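Contents: one structure, followed by commentary.
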Protein chains: 2
Amino acid sequence: MMILYQYWMSSSSWRVRWALRIKGLEFEQVSLDLRAGAQLAPEHRARNPMGYVPAVVVDGRCLAESVAILEWLDETHPTPPLYPKDPWLRARTRQLVELINAGTQPLQNLAVVERHSKDKDERKAWMAHFNERGLEAFNGVVGIVDGELDRVGKFCVGDSLTAADLYLVPQLASARRFGVDVAKWPRLLAAESAALATPHASAALPENQPDAPRGK
Amino acid sequence: MMILYQYWMSSSSWRVRWALRIKGLEFEQVSLDLRAGAQLAPEHRARNPMGYVPAVVVDGRCLAESVAILEWLDETHPTPPLYPKDPWLRARTRQLVELINAGTQPLQNLAVVERHSKDKDERKAWMAHFNERGLEAFNGVVGIVDGELDRVGKFCVGDSLTAADLYLVPQLASARRFGVDVAKWPRLLAAESAALATPHASAALPENQPDAPRGK
């Protein structure tokens, strides 16, 4: 059985938990406490030399990076798909994914924020700034997608859940946590609501993970 | 004909220039001067709301994010391939790509470095730190790939050039610019040499672009 190394609050872990459930795969979930530095232990660095979660272990081989995991899942378990069939819409989906995965989330990574400043307020301002910048760009690209589809879809790309939604939802949660006013992006909030109403969304939510604090 | 908006020194532009040439596609190359802020002009933000290069325009539609462009090129022009056929090696290739694309390069982005510090030495230290961290992790994953291949390949993943090489080569160039001692990664330097010896490498080099300063 597959093993998923994760942390309840990690947005990258959230994406992969969600994808595994959409694909209907059984997996064992092992939690690493990022606040205690468990991801930096040599045994985890052997799984992922970057010292990040998530990482999956399949037949004794370990894979990290949420994009690599999602694409691999989609190639080896194609139904239901996480990417559209049309090549251009697949490209748009990946553009949206990278706007979060490369353009936004890395900048709020713990190791990056700690290297930036020791000041708590400055850290929060930094994270708010880059969340706002990334989601503003994401909103612009969703507008382009809607224009190309010649109408407004229910999700980020058309009327089916795609990988783009699995990146948007955790990022909006981060943005709220850092005090970003997300109400200015009604199109993104509509896609978020649609995504959260799909069958496997609830089981993947941070607060529903075994390592989440109780009574919150 | 396709149009590529790029900047000679941009490592993301380098990857896409290289991929387009490997695929044998004709394209018009338009340069934006990042030092003058041309990427932030409204006309470019309409192409890429993030205000980054590269961006390609195809049949009047614009696509950005190097990963989305490379995957789209590979799906629409499969020969020669930029990703291996085997699903697990494809996943490894994407893991390496994201170690650079999400884990390393975004942290040296101009907008990020400018937000971090006004001090020139601190900026250089920041960029050196994250280049070293990212390439150290990349080196670790290449070691895993070699172990799984049961021998050391010529390139990052086996004996064919893949997208992973197109991300490694520009990042090693950045690392050298920021003063990182790259000699500690002989396996990466061997892959770099192999990649630079392939037919289309030279035409994609920064110094061979029309917007590069002459006589340098």
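Each row is one residue, and each column tells you yes or no for (1) farther than 21 Å from A:Gln39 by Cα; (2) touching a strand residue (DSSP E or B) at 6+ places or on another chain (Cβ under 8 Å).
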site: A:Cys62; (1), (2): no, yes
site: A:Pro87; (1), (2): yes, no
site: A:Leu99; (1), (2): yes, no
site: A:Leu107; (1), (2): no, no
site: A:Leu110; (1), (2): no, no
site: A:Arg133; (1), (2): yes, no
**Request:** Within the stretch A:189-205, identify whether any single residue is out of contact with any Ser or Thr (no Cβ under 6 Å at 6 or more places or on another chain), crowded, with 18+ Cβ neighbours inside 10 Å and of a type in the set (S, T, N, Q), and answer yes or no.
**Result:** no
**Request:** Kindly list the number of the only condition in (1) in contact (Cβ under 8 Å) with a residue 12 or more places away in the chain; (2) part of a loop (DSSP other than H, G, I, E, B) that fails for B:Arg92.
**Result:** (2)
**Asked** Of all residues in the stretch A:64-89 being without any contact (Cβ under 8 Å) to a residue 24 or more places away in the chain, within 9 Å of chain B (Cβ to nearest Cβ) and more than 16 Å from the chain's Cα centre (by Cα), which is nearest to B:Leu96 (Cα to Cα)?
**Response** A:Glu75
**Request:** Name, by its number, the condition in (1) within 22 Å of B:Ile144 (Cβ to Cβ); (2) surrounded by 21 or more Cβ atoms within 10 Å (Cβ to Cβ); (3) of a type in the set (D, E, K, R) that does not hold for A:Arg92.
**Result:** (1)
**Message:** Among the residues that make up the stretch A:67-84, is at least one of them outside any helix (DSSP H, G or I), under 17 Å from A:Ala204 (Cβ atoms) and touching a helix residue (DSSP H, G or I) at 6+ places or on another chain (Cβ under 7 Å)?
**Reply:** yes
**Asked** Could you say whether any residue in the stretch B:167-174 is within 20 Å of the chain's Cα centre (by Cα), more than 8 Å from chain A (Cβ to nearest Cβ) and among the hydroxyl-bearing types (Ser, Thr, Tyr)?
**Response** yes
**Message:** Is it the case, given these coordinates, that A:Arg45 is assigned to a helix (DSSP H, G or I), charged (D, E, K, R), within 24 Å of A:Ala197 (Cα to Cα) and facing chain B (nearest Cβ under 8 Å)?
**Reply:** no
**Asked** If you go through the stretch B:1-22 one residue at a time, how many are of a type in the set (Lys, Arg) and in contact with a Phe, Trp or Tyr (Cβ under 8 Å, 6 or more places away or on another chain)?
**Response** 1
**Item:** Which listed residue, of B:Val16, B:Val30, is surrounded by fewer than 24 Cβ atoms within 10 Å (Cβ to Cβ), not polar (S, T, N, Q) and not assigned by TED's automatic domain parsing to the domain that holds B:Cys156
**Value:** B:Val30
**Asked** Has the stretch B:91-103 got any residue that is of a type in the set (Asp, Glu) and either within 11 Å of another protein chain (Cβ to nearest Cβ) or over 20 Å from B:Ser174 (Cα atoms) (or both)?
**Response** yes
**Message:** Can you go through B:Ala137, B:Ala111, B:Ala125 and tell me which one is within 12 Å of chain A (Cβ to nearest Cβ), in a helix (DSSP H, G or I) and at pLDDT below 95?
**Reply:** B:Ala111
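The values are calculated or read from the model by the stated rules, or taken from the named source; none is laboratory data. This is a predicted model, so every value here is computed, not measured. As a convention, Cβ positions derive from the backbone with ideal geometry for all residues, glycine included, and neighbour counts pool all protein chains shown.
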